[in-house]
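The next block holds one structure in the form of structure tokens; read it before the comments.
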Amino acid sequence: MSDVIGLHHVTAISGDAQRNHDFYVKALGQRMVKKTVNFDAPDVYHLYYADGTGTPGTVMTFFPFPGARQGRVGRGQVVMTQYSVPPGSLEFWEDRLPRFGAKVATRDEAFGAERLIVEDPEGLWLALVEVADDPRAPWAADGIPAEVALRGFEGVTLGVSGEAASASILADLFGYERIGEQAKGGDARLVRYGQAEAAGTIDLLIDPAMPEGVEAAGTVHHVAFRVPDRAAQERVRQAVAEAGFRVTPQIDRDYFYAIYFRTPDGILFEVATDEPGFDRDEPVSALGEALKLPSQHEHLRERLEQSLPKLVA
């Protein structure tokens, strides 16, 4: 048994904070639950979008570096982030998202589920997957009826060179089970690992023709898996270290504690705690409204409030 219980969050790179905000809040109907800054580059926002309370498994986050060059999605990255939506809702999203700058790529089926694959306005690949009986409640957003709204993540797709290296992490360390595989054309195949938890799906896209990814705007920086608390995180950290990976100590990220390591394919994995949560420094009713700074950057507040782009709700 592993302490890992599905996904916690996905963090990607953007080149324009307002465009990013408009798409994830206005088009997809997520709530901005935290407006803070990059711990390592405080002149850049770190924006968090989620359900109404920032429930782990619903949280999409971005580093919007102004004017960032366009990246390339490919091998060694999370190549697609999958959202869960109710059955019968894809036509609504297929009509809605292009009006907010998304490019609809295709509709297809993966492991028996219908899905709509789109690129966000900066080229980040997303899939809206029809999932029956997802019990998670949506955030009430303008123009998006509850019966079609996002429920949170279904999972992510990793672009990898083979199955074995990822399987050793997912199955042996994180407690995922191999569900099956399907052909994707040519020599490409999709292999699925999963848990019973929400946001518990990890797909491996194995494609010899896939180019190596280039990290910049429109790509995922890292994917975070979920554990309940620091004790569970430490058990996972020890297991990862014993398996031969270079893993960081526990790092305080204000709203969760984090550890990081890279997979053999070069994908940055994080393991994040549920504690203390996004309401530690502002009430749930006001999540995402004020600029929140890590304590080590609080002395920069006056400058950052002047220099960071003003976000229009």
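About the centre of its Cα atoms, the chain shows a dipole size close to 560 debye [charges on the beta carbon of Lys, Arg (+1) and Asp, Glu (-1) only; nearest 20 debye]. Probe radius 1.4 Å, ligands and nucleic acids ignored: give me the carbon and sulfur share of the accessible area of the range 177-313 as a rounded percent. Taking all protein chains in place, the range 177-313 shows 48 percent carbon and sulfur surface. The alpha-carbon positions of the range 171-216 define a convex hull whose volume is 120 Å³ per residue.
About its Cα centre, what dipole magnitude does the range 183-313 give when the only charges are +1 on Lys and Arg Cβ and -1 on Asp and Glu Cβ, stated in debye to the nearest 20?
Working: 15 positive and 22 negative charges, 50 e Å.
Dipole of the range 183-313, to the nearest 20 debye: 240 debye.
Antiparallel beta bridges, as assigned by DSSP with both residues in the chain, represent about 70 percent of the total such bridges.
Phi-derived couplings, Karplus 6.51 cos²θ - 1.76 cosθ + 1.60 at θ = phi - 60°, listed residue by residue for the range 98-106: x, 6, 10, x, 7, 10, 7, 8, 6 Hz, with x used for Gly and Pro. Averaging the sequence gap over all C-alpha pairs within less than 8 Å and six or more residues apart, then dividing by the number of residues, gives the range 91-167 a relative contact order of 17 percent. Taking a virtual spin label 7 Å from the Cα of Ala243 along the C-beta vector, which residues in the range 149-192 bring their backbone nitrogen under 12 Å of it? In the range 149-192, the label zone of Ala243 (backbone N under 12 Å from the point 7 Å along Cα→Cβ) covers 164-177. The mean sequence separation of alpha-carbon pairs under 8 Å and at least six residues apart, normalised by the residue count of the range 12-64, gives a relative contact order of 37 percent.
Indicate the gyration tensor shape class of the range 7-65 (rounded, prolate or oblate), computed on the Cα atoms with a ≥ b ≥ c the square roots of the eigenvalues: a/c under 1.5 is rounded; otherwise a/b larger than b/c is prolate and the rest oblate.
On the way: a/c = 1.95, a/b = 1.27, b/c = 1.53.
Verdict is oblate for the range 7-65.
Across the range 243-248, computed HN-Hα scalar couplings (Karplus, 6.51 cos²θ - 1.76 cosθ + 1.60, θ = phi - 60°) run 7, x, 8, 7, 10, 6 Hz from first to last residue, x flagging Gly and Pro.
Could you order the peptides 160-173, 292-305 from most to least packed, using the average number of other C-beta atoms within 10 Å per residue?
160-173, 292-305
Remark: the range 101-141 carries 45 Å² of accessible area per residue (probe radius 1.4 Å; ligands, DNA and RNA excluded). Note on the range 173-266: Cα-only Rg and Dmax are 15.6, 45 Å. When only Cα pairs below 8 angstrom with a gap of at least 6 residues are kept, the range 35-132 shows a relative contact order of 21 percent. Taking 24 Å as the limit for the C-alpha separation, the pairs Lys103/Lys310; Lys103/Lys292; Lys103/Lys184; Lys26/Lys184 exceed it in the case of Lys103/Lys310; Lys103/Lys292; Lys26/Lys184. Using a 7 Å offset from Cα along Cα-Cβ at Gln306, what residues in the range 18-56 end up with backbone N under 12 Å from the label point? Those under the cut-off are none; the list is empty.
Please figure out what share of the DSSP beta bridges in the range 197-313 is antiparallel and state it in percent, rounded to the nearest 5.
On the way: 8 of 13 bridges.
Antiparallel bridges make up about 60 percent of those DSSP assigns within the range 197-313.
The values are calculated or read from the model by the stated rules, or taken from the named source; none is laboratory data. From a predicted model like this one, the values you see are computed outputs, not experimental measurements. Note that we place each Cβ from the backbone using ideal geometry, even for glycine, and neighbour counts take in every protein chain shown. Note: accessible area is taken over every heavy atom of the protein model, side chains too, but ligands, DNA and RNA are not part of it. Shrake-Rupley method; radii C 1.70, N 1.55, O 1.52, S 1.80 Å.
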